[in-house]
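> I'd like to ask some things about the structure below.
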Amino acid sequence: MRLELLSNHMILSEAWEGFLQRPSAKGYPHYFDDMQYWVLFVGEEAVAYTGSSVIEGCFAFVGNTYVRKEWRSQGIHKYLLNLRNNSDALKDIPKITIINPLRGITVQRLEGVVSSLGYTKVESFTDVEDIMSQQVYEDIMTRNVWRLDSDSGENEEE
């Protein structure tokens with residue numbers, strides 16, 4: 001397995017060898033459309049990806065993660081999130097993710113994964129006011145938002 005960092009959605013689509021909807025078309029806020037992508041390859045096949053976008057140097061939106069069906073239930077999802085979160089680019093800044101399950105994946109399952117990585121549920125603006133503006137919070141507050149700080153136990157092994 002190897003991990004590659006791809007600079008934008010168009011390059012991700014090429015690596016994935018097929019059309020991929022932009023994150024906002026899948027229900028994520030527009031901030032997710034400008035992500036760079038962490039893609040896990042097995043041989044030449046892209047088997048999973050996740051994104052990140054640093055906002056004003058204060059925090060990163062992370063997510064829009066997908067694992068090909070034939071590669072699920074092998075721990076790849078959590079493994080990929082750990083690689084991304086512990087990368088030099090992201091390990092020292094808070095991360096915000098939005099739980100947005102696709103068909104066949106439950107909210108509870110995704111919440112279990114992110115909570116096992118040390119994320120905590122964002123309940124109000126006071127949970128994020130140290131890293132984001134009121135406007136950004138208002139843009140995402142109706143969603144299922146979780147936060148991970150750089151010292152939150154994200155180094156758990158699978």
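Just so you know, all these numbers are worked out from the coordinates, no wet-lab data involved. Keep in mind the model is a prediction, meaning the values are calculated, not measured. We place every Cβ from the backbone using ideal geometry, glycine too, and count neighbours over all the protein chains shown.
> Taking the Cβ of Asp130 as the centre, find all other residues whose Cβ is under 13 Å away and add up their charges (Lys, Arg: +1; Asp, Glu: -1). Mind showing how you got there, number by number?
On the way: positive: Arg147; negative: Glu56, Asp127, Glu129, Asp149.
So the environment of Asp130 carries a net charge of -3.
> Let me ask another. Taking the number of other C-beta atoms within 10 Å as the exposure measure, put Leu81, Leu90 in order starting with the fewest.
Numbers: Leu81 25, Leu90 21.
Least to most surrounded, the residues fall as Leu90, Leu81.
> Also, I was wondering about something else. Antiparallel versus total DSSP beta bridges in the chain: what percent is that, nearest 5? It would help to have the intermediate numbers written out before the result.
Details: 26 of 29 bridges.
Antiparallel: roughly 90 percent of the beta bridges in the chain.
> So for the range 2-148, taking the charge dipole from beta-carbon charges (+1 Lys/Arg, -1 Asp/Glu), which of Leu40, Gln135, Thr106 sits furthest toward the positive end?
The one lying farthest along the dipole's positive direction is Thr106.
> For Gln134 paired with Cys58, estimate the spin-label separation in nm (one decimal), with each label point 7 Å from Cα along the Cα-to-Cβ line.
About 1.3 nm separates the two model spin labels.
> For Leu6, Leu102, what ranking results if the residue with the fewest other Cβ atoms within 10 Å of its Cβ goes first? Please report the intermediate quantities before stating the final value.
Details: Leu6 20, Leu102 9.
So the residues, fewest neighbours to most, are Leu102, Leu6.
> Order by neighbour count: Ser53, Ser7, fewest other Cβ atoms within 10 Å first, most last.
Working: Ser53 18, Ser7 10.
Listed from fewest to most nearby Cβ atoms, that is Ser7, Ser53.
> Measure nothing fancy, just the Cα-based angle from helix 107-116's long axis to the longest principal axis of the chain, in degrees from 0 to 90, nearest 10.
80
> Follow-up. Excluding same-chain residues fewer than 8 positions from Lys91, which lysines have a Cα within less than 26 Å of its Cα?
Qualifying lysines at Cα under 26 Å: Lys78, Lys121.
> Next question. Using 0.36 nm per residue, how much length does the chain from Val107 to Met141 gain when fully extended, once their Cα-Cα distance is taken away?
On the way: separation 34, 0.36 × 34 = 12.24 nm, distance 1.67 nm.
Separation in residues times 0.36 nm, less the Cα-Cα distance, equals 10.6 nm.
> To continue, here is another question. How big is the shadow of the Cα convex hull of the range 2-148, averaged over all directions, in nm²? Display every interim value, and only then the final one.
Values: hull surface 33.5 nm².
Averaged projected area of the range 2-148's Cα convex hull equals 8.4 nm².
> What angle, in degrees between 0 and 90 and rounded to the nearest 10, separates the Cα long axis of helix 76-85 from the longest principal axis of the Cα atoms of the chain?
Long axis of 76-85 versus the principal axis of the chain: about 50 degrees.
> While we're here: For the pair Ser124/Met10, report the inter-label distance in nm, with labels modelled 7 Å from Cα in the Cβ direction.
If labels sit at Ser124 and Met10, their model points lie 4.4 nm apart.
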